[in-house]
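**Student:** Could you have a look at this structure, given as structure tokens, before my questions?
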Protein chains: 2
Amino acid sequence: MKIALIQQRCEADRTTNLQTTMEAVREAACRGAKLVLLCELHTSHYFCKTEEPANFDLAEPIPGPTTEQLGRLAAELRLVIIASLFEYRATGLYHHTAVVLEQNGTLAGRYRKMHIPDDPGYYEKYYFTPGDLGFTPIDTSVGRLGLLICWDQWFPEAARLMALAGAELLLYPTAIGWDPIDNSDEQRRQLEAWITVQRGHAIANGLPLLACNRTGFEPDSSSQSGGIRFWGSSFACGPQGEILAQATTDQPQTVIADIEPSYSEQVRRIWPFLRDRRIDAYPELLQRFRDDS
Amino acid sequence: MKIALIQQRCEADRTTNLQTTMEAVREAACRGAKLVLLCELHTSHYFCKTEEPANFDLAEPIPGPTTEQLGRLAAELRLVIIASLFEYRATGLYHHTAVVLEQNGTLAGRYRKMHIPDDPGYYEKYYFTPGDLGFTPIDTSVGRLGLLICWDQWFPEAARLMALAGAELLLYPTAIGWDPIDNSDEQRRQLEAWITVQRGHAIANGLPLLACNRTGFEPDSSSQSGGIRFWGSSFACGPQGEILAQATTDQPQTVIADIEPSYSEQVRRIWPFLRDRRIDAYPELLQRFRDDS
């Protein structure tokens with residue numbers, strides 16, 4: 001199955017961004033993609049660089065204008081689109097939510113980001129209520145999708161729970177980049193860690209994995225920081241963590257890769273990790289820390 | 001702190017192997033190592049290539065001859081040695097057990113391998129009763145050690161449980177290699193996956209990690225398989241998964257690396273994963289699979 005990752009440079013304006021996205025999705029369809037993954041919060045600048053009440057105006061209901069627009073496109077092109085939106089759920093209740101639009105244009109399901117970061121430049125705990133839908137894959141015409149979002153990618157638990165629920169593919173819309181004050185060694189370590197930890201999830205679970213990041217520099221309007229240089233590098237890997245395709249760091253790019261879901265069957269036969277998990281000895285995974293030890 | 005990995009080619013004879021090991025440990029001490037990690041089951045050929053009752057003769061009690069011999073060496077050189085042995089616990093009850101010998105020669109603790117593989121060429125379920133000591137780090141003069149063994153390295157749960165119990169370093173004595181019938185692409189993917197998944201554990205937990213593997217070709221006396229070409233590549237990485245030192249694939253080698261445990265404090269401040277774990281949403285980690293989903 002051909003998949004596409006739409007690595008995008010985002011502007012402040014929603015209409016401009018969606019136009020760019022939709023052109024890229026059309027291009028991906030021409031190149032044979034049946035599943036298209038967009039980057040995180042692709043309809044705006046990454047607004048979590050500061051805590052600003054006016055930014056809640058960016059939220060929208062789901063279903064809502066963006067899912068309708070992308071749903072029409074999915075139906076026209078006969079492919080599955082995965083988008084990530086700032087969800088307005090109720091007054092004062094917002095989530096960061098990824099949605100799956102089926103190739104008939106319907107909303108196949110949503111995932112509300114479970115792990116929420118909060119660090120200088122990424123003030124997401126201010127904007128996003130932690131997800132309450134759990135780690136539940138979404139069934140689609142192209143397979144059972146283990147859809148997660150950005151910060152989730154650092155947590156082996158998230159990938160494992162999706163695998164245990166039968167996910168056939170792990171997917172991570174992402175917005176991550178460099179702090180310009182870090183030196184080049186630190187920047188290299190961070191980018192490599194981001195790729196490596198996700199390849200590790202693919203390996204530990206015997207599943208292919210897609211990560212789609214934004215690119216380009218976005219200033220911090222509050223001047224608290226020097227802004228973020230999003231590092232792109234969107235990639236697809238197979239169930240042994242083998243890189244199938246990878247984008248550059250600094251350019252918008254549509255990455256096409258061939259995913260063979262049935263290859264997981266073969267890999268899990270030689271590496272039968274699910275057989276050997278010591279579920280009798282894992283209860284402390286549900287603790288914050290073992291202070292008694 | 002300087003650490004050493006003793007990547008060894010093992011023979012059938014225990015005395016020869018221990019002599020090789022002890023010479024390498026002396027060399028590591030001369031080069032300043034304070035912690036020495038030996039490879040898995042370093043006193044013999046990797047005997048799990050077949051199921052053979054006579055191989056239970058290789059088991060020994062702990063404490064026993066090898067821990068006494070290595071304990072004396074640890075005391076003489078004033079360093080911590082980590083060995084991995086075939087433990088005779090009772091008649092018909094054997095474990096695969098890693099031991100920590102303190103720099104005063106005493107046995108600081110043991111870890112009994114929790115995840116037991118069983119695959120063509122690695123018939124460990126026949127020899128090793130699954131560990132019953134849980135994922136409990138061992139306190140030593142050089143820090144709290146998250147000691148695990150080989151197959152454990154594919155399970156994010158094992159590394160996480162050690163981190164949650166306060167481990168400051170993850171360590172994996174290992175015996176893994178290539179099946180000569182696999183082609184070079186598959187061999188490359190397997191070696192890279194082995195390194196990547198472990199670097200992933202270092203990253204996800206903000207901890208340095210040591211993996212020590214054996215090297216050399218060992219035939220399968222039963223001729224059921226073409227034997228195993230152990231792939232060496234013993235390595236040390238830091239808490240961002242950055243490789244600090246790595247051995248070759250095909251030669252015995254003593255790898256020395258500098259580990260700075262306090263660097264974890266810095267890394268966990270920029271990547272505070274332990275803060276954001278969704279322990280409320282992890283109960284299904286204790287299930288084998290979610291068949292209902």
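**Student:** Counting DSSP beta bridges with both partners in chain A, what percentage is antiparallel, nearest 5?
**Tutor:** Within chain A, antiparallel bridges account for around 70 percent of the total.
**Student:** Ok, one more. To the nearest 10 square angstrom, how much accessible area does B:Asp280 have with a 1.4 angstrom probe?
**Tutor:** Spelled out: B:Asp280, probe radius 1.4 Å, area about 100 Å².
**Student:** Going by accessible area, probe 1.4 Å, with all protein chains left in place, what is the ranking of B:His95, A:His45, largest first?
**Tutor:** In descending accessible area the options line up as A:His45, B:His95.
**Student:** Give me the three principal axis extents of the range A:59-170 from the C-alpha atoms, as integers in angstrom, largest value leading.
**Tutor:** 41, 34, 22
**Student:** Based only on Cα atoms, what Rg/Rh ratio does chain A have, Rh being taken as Kirkwood's radius?
**Tutor:** 0.95
**Student:** Can you give the accessible area of B:Ile116 in Å² (nearest 10), computed on protein heavy atoms with a 1.4 Å probe?
**Tutor:** We get 10 Å² for B:Ile116.
**Student:** In addition: Quote the accessible area belonging to A:Thr196 in square angstrom, nearest 10, computed with a 1.4 Å probe and with ligands, DNA and RNA left uncounted.
**Tutor:** Near enough 0 Å² of accessible area.
**Student:** Turning to a different aspect of this structure: Taking only Cα atoms of the range A:220-278, what ratio of Rg to Rh do you get with Rh as the Kirkwood inverse-distance radius?
**Tutor:** Using Cα coordinates only, the ratio equals 1.24.
**Student:** Using the Cα centre of chain A as the reference point, and only Cβ charges (+1 on K/R, -1 on D/E), how large is the resulting charge dipole? Debye, rounded to the nearest 20.
**Tutor:** My answer is approximately 900 debye.
**Student:** Given the C-alpha atoms of the protein assembly as shown, compute the convex hull and give its volume per residue in Å³.
**Tutor:** It comes to 142 Å³ per residue, whole-number rounded.
**Student:** In square angstrom and rounded to 100, what buried accessible area do you get between chains A and B, total over both, with the probe at 1.4 Å?
**Tutor:** For A against B, buried area totals roughly 5700 Å².
**Student:** Suppose each label sits 7 Å from its Cα in the direction of the beta carbon; what would the A:Glu265-A:Phe56 distance come out to in nanometres?
**Tutor:** The modelled label-to-label distance comes out at 5.1 nm.
**Student:** From the residues A:Cys237, A:Ser262, A:Pro63, which one has its Cα farthest along the dipole of the range A:2-286 in the positive direction, the dipole being from +1 and -1 charges on Cβ of Lys/Arg and Asp/Glu about the Cα centre?
**Tutor:** A:Ser262
**Student:** To continue, here is another question. Sort A:Asp250, A:Asp119 by heavy-atom solvent-accessible area, probe 1.4 angstrom, most to least.
**Tutor:** From most exposed to least exposed: A:Asp250, A:Asp119.
**Student:** A further question on this structure: Hey, got the dipole for the range A:244-293? About the Cα centre, +1 on K and R Cβ, -1 on D and E Cβ, debye to the nearest 20?
**Tutor:** Dipole magnitude for the range A:244-293 comes out near 200 debye.
**Student:** Please report the orientation-averaged projected area of the range A:90-142, defined via the convex hull of its C-alpha atoms, in nm².
**Tutor:** Over every viewing direction, the Cα hull of the range A:90-142 projects on average to 4.8 nm².
**Student:** A follow-up question, please. Take the solvent-accessible surface of the protein heavy atoms, probe 1.4 Å, and return the percent of it on the protein assembly as shown that carbon and sulfur atoms account for.
**Tutor:** 50 percent
**Student:** Per residue, how much accessible area does chain B have with a 1.4 Å probe, in Å²?
**Tutor:** Here the per-residue accessible area is 36 Å².
**Student:** If I histogram all Cα-Cα distances within the range A:150-261 using bins 10 Å wide from 0, what percent of pairs lands in each bin?
**Tutor:** In whole percents, the pair-distance histogram is 15, 43, 30, 11, 1.
**Student:** A follow-up question, please. Based on Cβ point charges of +1 for Lys and Arg and -1 for Asp and Glu, what charge dipole magnitude is obtained for the range A:162-266 about its Cα centre, in debye rounded to the nearest 20?
**Tutor:** With Lys and Arg at +1 and Asp and Glu at -1, about 60 debye.
**Student:** Work out the count of Lys pairs in chain A where the Cα-Cα distance is under 23 Å, with the pair 8 or more places apart or on different chains.
**Tutor:** The result is 4.
**Student:** Now for a separate question. Counting DSSP beta bridges with both partners in the protein assembly as shown, what percentage is antiparallel, nearest 5?
**Tutor:** The answer is about 70 percent antiparallel.
**Student:** Which one, A:Ala167, A:Cys150, A:Thr140, projects farthest toward the positive side of the charge dipole computed for the range A:106-174 from Cβ point charges (K/R +1, D/E -1)?
**Tutor:** A:Thr140
**Student:** Also, I was wondering about something else. Using only the heavy atoms of the protein chains and a 1.4 Å probe, how would B:Thr20, A:Thr67 rank by accessible area, largest first?
**Tutor:** Descending order: B:Thr20, A:Thr67.
**Student:** Based only on Cα atoms, what mean projected area does the convex hull of the range B:1-102 have, in nm²?
**Tutor:** Computing the convex hull of the Cα atoms and averaging its projections yields 6.3 nm².
The values are calculated or read from the model by the stated rules, or taken from the named source; none is laboratory data. Computed from a predicted model, the values in this text were never measured in an experiment. FYI the Cβ positions are ideal-geometry reconstructions off the backbone, even for glycines, and counts take in every protein chain you see. For the accessible areas, the whole protein counts, side chains as well, though only heavy atoms, and no ligand, DNA or RNA atoms are used. Shrake-Rupley method; radii C 1.70, N 1.55, O 1.52, S 1.80 Å.
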